[in-house]
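A.B. asks: Attaching a single structure in structure tokens format; questions to follow.
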Amino acid sequence: MSRLWWVVPAAGQGRRMGAERPKQYLQIDGRPVLAHTLERLHRAIPQAGLCLCLDSDDRWFDSAWVPFDDWRRVKGGTERVDSVANALAILAGEAADDDLILVHDVARPCVWIEDLWRLVEVLNGEPAGALLAAPVADTVKRDDGHAHVRTTVSREGLWQALTPQGFRYRLLCRAFDVARERGLAVTDEASAVEALGVSPRLVAARRDNLKITHPEDLALAAHILATQAALELSSIPPVSHHRQES
Ligand SMILES: Nc1ccn([C@@H]2O[C@H](COP(=O)(O)OP(=O)(O)OP(=O)(O)O)[C@@H](O)[C@H]2O)c(=O)n1
Ligand SMILES: C[C@](O)(CO)[C@H](O)COP(=O)(O)O
């Protein structure tokens, strides 16, 4: 039976966030973003293995934040794609060709567990792989290079790519090899697979799966996590009086 592996790129510097530390170590409700993200992935699929990509000079990381039994630290690369490629290389001795690799940005702590389960369900019957995504909701403009509108772009059929993005190990390795050979810019795993002529499936996901990128995103993520926690609590059935009294 095939196994499932989380690959979590967490070696970024958070330059757009401009904080005193990489954004994955900024606190939400007393815990770093990285701990929130890993906890959510673990709650969804606790038996999965984890490759956590960290910068070699990372002085913030604490292994106490990793809830997985089976995990390995992977050296981060220059770009996100290089960090993920290092994880694929580390898995060479361990992962089977048909194992599922789910790549998820550490900067997305708000992904819904139900969306994770739905993605895995889709992946079980989808050889082309799949990614969480959201249809573009705003009107889209292309600029003229000088902050004026050149044109309005039709949003018909346009999606925002989110993570996780999941692929069979063999397919993803091949896609990364070919992208490297051709010198393609790979900003997500799907774009490498698309370059092989394969069309990954888009799985519509909740749009509060925010990637913490800019300073204002941290408060937004904190609010989303608090709202999600309250929703979870309100969906737990109340303890019956009978039970309390007996
Ligand atoms: N060399 C890199 C660059 C990015 N990432 C990870 O890839 C994800 C998406 O990247 P992004 O949001 O761009 O994060 P940063 O690179 O940290 O941000 P910035 O581009 O603003 O510096 C993040 O989880 C980040 O930690 C990584 O593992 N290795
Ligand atoms: C992979 C990704 O999250 C898809 O939206 C995104 O492309 C990664 O962020 P970056 O800013 O492009 O590194």
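A.B. asks: How many of the residues making up region 91-138 are of a type outside the set (A, V, I, L, M, F, W, C), in a loop (DSSP other than H, G, I, E, B), closer than 20 Å to Arg40 by Cα and away from ligand 2 (no atom under 14 Å from the Cβ)?
C.D. replies: Residues meeting the conditions: 0.
A.B. asks: Additional query: Pairs only if they're at least six apart or on different chains, beta carbon under 9 angstrom, first in region 88-105 and free of Cβ contacts under 8 Å to residues at least 60 places away in the same chain, second surrounded by 21 or more Cβ atoms within 10 Å (Cβ to Cβ) and not charged (D, E, K, R); list them, first residue then second.
C.D. replies: Short answer, once both residue conditions are applied: Ala89/Val74; Ile90/Cys51; Ile90/Val74; Glu94/Trp5.
A.B. asks: Condition test on Glu216, is it surrounded by fewer than 16 Cβ atoms within 10 Å (Cβ to Cβ) and either under 22 Å from Ala10 (Cβ atoms) or within 16 Å of ligand 1 (Cβ to nearest atom) (or both)?
C.D. replies: yes
A.B. asks: Let me ask something else about it. Failed condition for Leu88, given (1) within 16 Å of ligand 2 (Cβ to nearest atom); (2) part of a helix (DSSP H, G or I); (3) surrounded by fewer than 19 Cβ atoms within 10 Å (Cβ to Cβ); (4) not β-branched (Val, Ile, Thr), with all others met?
C.D. replies: Going through (1) within 16 Å of ligand 2 (Cβ to nearest atom); (2) part of a helix (DSSP H, G or I); (3) surrounded by fewer than 19 Cβ atoms within 10 Å (Cβ to Cβ); (4) not β-branched (Val, Ile, Thr) one by one, Leu88 breaks only (3).
A.B. asks: Give the residue, chosen from Arg21, Arg3, Arg43, Arg59, that is touching a residue at least 24 places away in the same chain (Cβ under 8 Å), more than 19 Å from the chain's Cα centre (by Cα) and at negative phi.
C.D. replies: Arg21
A.B. asks: Let me ask something else about it. Among the residues of region 4-60, which ones are among the aliphatic types (A, V, I, L, M), over 21 Å from Gly77 (Cα atoms) and part of a strand (DSSP E or B)?
C.D. replies: Leu4, Ile28
A.B. asks: Does region 1-17 hold any residues that are in contact with a Gly (Cβ under 6 Å, 6 or more places away or on another chain) and within 16 Å of ligand 2 (Cβ to nearest atom), and which are they?
C.D. replies: Ala11
A.B. asks: Determine, yes or no, whether Val203 is part of a helix (DSSP H, G or I) and touching a strand residue (DSSP E or B) at 6+ places or on another chain (Cβ under 7 Å).
C.D. replies: So Val203 fails the test.
A.B. asks: While we're here: So in region 140-190, with the set limited to residues that are hydroxyl-bearing (Ser, Thr, Tyr), touching a Lys or Arg at 6+ places or on another chain (Cβ under 7 Å) and more than 16 Å from ligand 1 (Cβ to nearest atom), which one is nearest to Arg201 (Cα to Cα)?
C.D. replies: Thr152
A.B. asks: Please specify each residue of region 186-202 satisfying the condition of being out of contact with any helix residue (DSSP H, G or I) (no Cβ under 7 Å at 6 or more places or on another chain) and either acidic (Asp, Glu) or modelled with pLDDT under 95 (or both).
C.D. replies: Across region 186-202, the qualifying residues are Asp188, Glu194.
A.B. asks: Filter region 18-32 down to the residues that are surrounded by 15 or more Cβ atoms within 10 Å (Cβ to Cβ) and farther than 15 Å from Asp55 by Cβ, then identify the one that is farthest from ligand 2 (Cβ to nearest atom).
C.D. replies: Only one residue tops the list, namely Ile28.
A.B. asks: When only residues in region 160-198 that are part of a strand (DSSP E or B) and more than 10 Å from ligand 2 (Cβ to nearest atom) count, which is surrounded by the fewest Cβ atoms within 10 Å (Cβ to Cβ)?
C.D. replies: The extreme case among them is Arg168.
The values are calculated or read from the model by the stated rules, or taken from the named source; none is laboratory data. Because the structure is a prediction, the values reported are computed rather than measured. FYI the Cβ positions are ideal-geometry reconstructions off the backbone, even for glycines, and counts take in every protein chain you see.
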